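Report on one structure; see the data block that follows.
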Amino acid sequence: MIRKKIPNILTSFRILAVPVFLFYLLIQHNYSMAFIVFIVASITDWADGYFARKFDSVTNFGIFFDPLADKLLVLSAFYSFLCIDLLNNFIHVWMISIILMRDVSITLLRLFINSKGDYVFITSKIAKLKTFLQFITINFVLICLMYPVHFNFNLIY
């Protein structure tokens, strides 16, 4: 029976990884450790879906908290980038605000639809692709932070 709990454990791990990621990124300025934590947390996004399908253990917890865990991880990364001086000319509040407004709207819509009884708001393949691309973008920024000598952020902007 523990197999059926693996997806929810992985989702919970992803939520708990957010403060660890932020600690390494913003307090320790250890971009390598932040990168490792983010990679591991990102992999759990794929793994929880894989195990949920494999063990036929799709739960209401997972349906709601899996996309919420993704949003927490992505938004915490993007907002934390605003606090890093090297990224000041590259990442702006308006960019992250657009992502936040979209994610809050989708989460509220998900809550509303799921509260109607037999309806379930399922994450689409396009939304999964969006999350994957956000993970790639965040990883790219983290790599740029780990090796800032090789990137001239003023040229990118």
### Query
Between a first residue in segment 109-122 that is among the charged types (D, E, K, R) and a second residue that is open to solvent by 50 Å² or more (accessible area, probe 1.4 Å), which pairs have beta carbons less than 7 Å apart while being 6 or more apart in sequence or on different chains?
none
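Assigned to a helix (DSSP H, G or I), without any contact (Cβ under 8 Å) to a residue 12 or more places away in the chain and open to solvent by 50 Å² or more (accessible area, probe 1.4 Å), is that true of Tyr79? Talk me through it step by step, then tell me what you get.
Numbers: assigned to a helix (DSSP H, G or I): yes; without any contact (Cβ under 8 Å) to a residue 12 or more places away in the chain: no; open to solvent by 50 Å² or more (accessible area, probe 1.4 Å): yes.
For Tyr79, the condition - assigned to a helix (DSSP H, G or I), without any contact (Cβ under 8 Å) to a residue 12 or more places away in the chain and open to solvent by 50 Å² or more (accessible area, probe 1.4 Å) - is not met.
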### Message
Anything in segment 128-157 that is exposed (fewer than 14 other Cβ atoms within 10 Å of the Cβ) and either at pLDDT below 85 or basic (Lys, Arg) (or both)? List them, or say none.
### Response
Pro148, Val149, His150, Asn152, Asn154, Leu155, Ile156, Tyr157
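Could you list all residues from segment 20-35 that are free of Cβ contacts under 8 Å to residues at least 24 places away in the same chain and in a helix (DSSP H, G or I)? Before you say what the answer is, go through the steps one by one.
Of segment 20-35, the ones free of Cβ contacts under 8 Å to residues at least 24 places away in the same chain are 20, 23-24, 27-30, 33.
Listed by number, the residues that qualify are Val20, Phe23, Tyr24, Ile27, Met33.
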### Task
Please work out if Val93 is out of contact with any strand residue (DSSP E or B) (no Cβ under 6 Å at 6 or more places or on another chain) and under 17 Å from Ser12 (Cα atoms).
no
### Task
Within segment 108-126, identify whether any single residue is surrounded by 12 or more Cβ atoms within 10 Å (Cβ to Cβ) and at pLDDT 90 or above, and answer yes or no.
no
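I'd like to verify a number: residues in segment 93-113 that are over 26 Å from Gly62 (Cβ atoms) and hydrophobic (A, V, I, L, M, F, W, C), how many?
Within segment 93-113, the first condition is being over 26 Å from Gly62 (Cβ atoms), and the residues that meet it are 93-98.
Remaining after also requiring hydrophobic (A, V, I, L, M, F, W, C): 93-96, 98.
Total satisfying the criteria: 5.
Among what's in segment 91-105 and is without any contact (Cβ under 8 Å) to a residue 12 or more places away in the chain and assigned to a helix (DSSP H, G or I), pick the residue that is least open to solvent (accessible area, probe 1.4 Å).
In the first step, residues of segment 91-105 are kept if they are without any contact (Cβ under 8 Å) to a residue 12 or more places away in the chain; the result is 92-94, 97-98, 101-102, 104-105.
Within this subset, residues satisfying the condition of being assigned to a helix (DSSP H, G or I) are 93-94, 97-98, 101-102, 104-105.
Values: Val93: 88, Trp94: 155, Ser97: 35, Ile98: 91, Met101: 119, Arg102: 86, Val104: 71, Ser105: 70 Å².
Of everything passing the filter in segment 91-105, Ser97 is least open to solvent (accessible area, probe 1.4 Å).
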### Criterion violated by Ile9 - all others in (1) of a type in the set (A, V, I, L, M, F, W, C); (2) open to solvent by 40 Å² or more (accessible area, probe 1.4 Å); (3) within 28 Å of Met146 (Cβ to Cβ); (4) assigned to a helix (DSSP H, G or I) satisfied
(3)
### Message
Looking for something over 19 Å from Arg14 (Cα atoms), open to solvent by 40 Å² or more (accessible area, probe 1.4 Å) and either touching a residue at least 60 places away in the same chain (Cβ under 8 Å) or among the hydroxyl-bearing types (Ser, Thr, Tyr) (or both) - is there at least one such residue anywhere in segment 39-56?
### Response
no
### Task
Considering each of Leu73, Leu16, Leu22 in turn, give the residue that is within 22 Å of Thr107 (Cβ to Cβ), aliphatic (A, V, I, L, M) and open to solvent by 60 Å² or more (accessible area, probe 1.4 Å).
Leu16
### Message
Can you tell me which condition Ala69 does not meet? The list is (1) at pLDDT below 90; (2) among the small types (Gly, Ala, Ser); (3) touching a Ser or Thr at 6+ places or on another chain (Cβ under 8 Å), and all the others hold.
### Response
(1)
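The values are calculated or read from the model by the stated rules, or taken from the named source; none is laboratory data. Everything numeric in this text was worked out from a predicted model, so none of it was measured. Ideal geometry is used to build each Cβ from the backbone, glycine not excepted, and the neighbour counts take in all protein chains shown. For accessibility, only protein heavy atoms count, side chains too; no ligands or nucleic acids. Shrake-Rupley method; radii C 1.70, N 1.55, O 1.52, S 1.80 Å.
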